[in-house]
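Visitor: Have a look at this one before I ask anything.
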Amino acid sequence: MRRLLIFIVCVALTAGLSAQSGKKVRKTASNSKEAVTERQISNRFNQGLRSYYTAQYEEALQQFSGILIDAPKHAPSYFMTGRVYAERKQYSEAENAFKQAIKLEKNNIWYQVELAEYYMHTGNYKDPIPYWEKICQKMPDNERYLERLYMCYSICQMNEKAIEVHERLAKLTGETETVQEPTPEMPDNEKNKENGIKLLAEKNYSQAVIALENSLTHDDTDYDLWMAFAEATDKAQQWRKFTAYEEDLTTLFPQSSAILAALAHAFLKTGQPDKAVEYYQQARAFAFDAELMQQIRKGLFEAYTAMGDTDSAERYR
């Protein structure tokens with residue numbers, strides 16, 4: 001009898017261990033299947049990115065849409081679908097896709113920035129306001145985002161809020177230009193350009209900056225528009241607004257001595273003489289106009305002096 005009891009206990013223990021082992025194997029198999037699925041999605045997403053960045057938008061859309069069939073909560077695919085639709089000028093589809101990405105990842109600030117910028121690119125300055133407000137709450141020291149919020153407030157004639165944001169920018173940058181009540185802007189690009197140039201001629205520099213920057217959001221390839229914007233930001237002492245476009249300017253006009261000199265001047269005024277020297281020297285290599293050459297030499301003298309390099313400064317006195 002005792003031997004029989006021992007045998008039954010051993011059988012029970014063996015069965016229990018087998019069951020646990022079976023569960024463990026099944027769990028491992030499940031994890032492996034999940035990992036394979038994630039790898040597949042990652043590979044398909046990367047293929048979609050390659051198609052998007054080589055302007056194969058139809059193929060990219062197929063990749064991202066296919067992922068969403070298998071993984072309907074894959075926020076990055078909604079985001080990239082929105083970018084594809086934006087490139088194809090399918091505006092409502094792009095908006096819906098961006099919103100779905102934000103809904104799935106509420107704390108992803110870059111999705112919100114993309115949608116807000118997209119609204120402004122299409123001439124819509126009202127709908128991005130709540131997004132810029134949230135973004136600026138999370139990133140209160142980001143000048144560019146505050147400037148975008150300021151622009152939207154100004155164009156939508158929300159003047160009190162615009163002035164409040166303007167004052168925040170002034171404290172942040174240390175600039176002390178006179179705050180004037182914003183003049184409502186017209187969303188039409190050409191009218192904005194004409195209005196900006198008119199305001200510049202009337203010496204209403206702060207408002208000229210707003211109008212010209214708004215026009216640049218629609219057409220950033222207009223050389224004359226950039227030069228007018230450079231003058232307006234200089235006269236309004238809003239040099240940081242101009243340096244914020246450093247990458248755009250050097251990509252669009254890498255051999256324009258006037259643009260490079262304006263960029264150097266703005267860096268010099270914002271206390272970055274090393275950057276100023278870099279761009280003054282680039283501008284000098286392409287400059288042929290005698291007056292511009294004189295300005296560049298003067299700028300180099302001031303920049304080297306600010307750096308404490310008196311020997312180099314003397315060469316440009």
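The values are calculated or read from the model by the stated rules, or taken from the named source; none is laboratory data. For clarity, every value in this text was computed on a predicted model and none was experimentally measured. Glycine also receives a Cβ, built like all others from the backbone with ideal geometry; neighbour counts cover every protein chain displayed.
Visitor: Identify the single condition in (1) in contact with a helix residue (DSSP H, G or I) (Cβ under 7 Å, 6 or more places away or on another chain); (2) free of Cβ contacts under 8 Å to residues at least 24 places away in the same chain; (3) surrounded by 16 or more Cβ atoms within 10 Å (Cβ to Cβ); (4) assigned to a helix (DSSP H, G or I) that ALA211 does not satisfy, given that it satisfies every other one.
Guide: Checking ALA211 against (1) in contact with a helix residue (DSSP H, G or I) (Cβ under 7 Å, 6 or more places away or on another chain); (2) free of Cβ contacts under 8 Å to residues at least 24 places away in the same chain; (3) surrounded by 16 or more Cβ atoms within 10 Å (Cβ to Cβ); (4) assigned to a helix (DSSP H, G or I), the one that fails is (2).
Visitor: Looking at this structure, is TRP239 surrounded by 19 or more Cβ atoms within 10 Å (Cβ to Cβ) and closer than 16 Å to ALA303 by Cβ?
Guide: So TRP239 fits the description; yes.
Visitor: Against the definition (modelled with pLDDT of 85 or more and out of contact with any Lys or Arg (no Cβ under 9 Å at 6 or more places or on another chain)), how does THR243 come out, yes or no?
Guide: No; evaluated as a whole, the condition is false for this residue.
Visitor: With the requirement that a residue be touching a Ser or Thr at 6+ places or on another chain (Cβ under 6 Å) and of a type in the set (Ser, Thr, Tyr), what does the range 284-317 give you?
Guide: Residue satisfying the conditions is TYR304 alone.
For every residue, the table says whether it meets (1) within 18 Å of the chain's Cα centre (by Cα); (2) buried (at least 22 other Cβ atoms within 10 Å of the Cβ); (3) more than 19 Å from TYR145 (Cα to Cα); (4) of a type in the set (A, V, I, L, M).
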| site | (1), (2), (3), (4) |
| --- | --- |
| MET80 | yes, yes, yes, yes |
| VAL84 | yes, yes, yes, yes |
| ARG88 | no, no, yes, no |
| GLU93 | no, no, yes, no |
| PHE98 | yes, yes, no, no |
| TRP110 | yes, no, no, no |
| GLU114 | yes, no, no, no |
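Visitor: Let me ask something additional. With closer than 24 Å to TRP239 by Cα and not in a helix (DSSP H, G or I) as the only criterion, which of ASP141, ASP127 stands out?
Guide: Result: ASP141 is the single residue among ASP141, ASP127 that is closer than 24 Å to TRP239 by Cα and not in a helix (DSSP H, G or I).
Visitor: Considering LEU263, LEU292, LEU300, LEU268, which residue is under 21 Å from the mean Cα position of the chain (by Cα) and either in a helix (DSSP H, G or I) or of a type in the set (Asp, Glu) (or both)?
Guide: LEU263
Visitor: Yes or no: the range 226-240 includes at least one residue that is of a type in the set (S, T, N, Q), in contact with a helix residue (DSSP H, G or I) (Cβ under 9 Å, 6 or more places away or on another chain), assigned to a helix (DSSP H, G or I) and not assigned by TED's automatic domain parsing to the domain that holds ARG148.
Guide: No, the conditions are met nowhere in the range 226-240.
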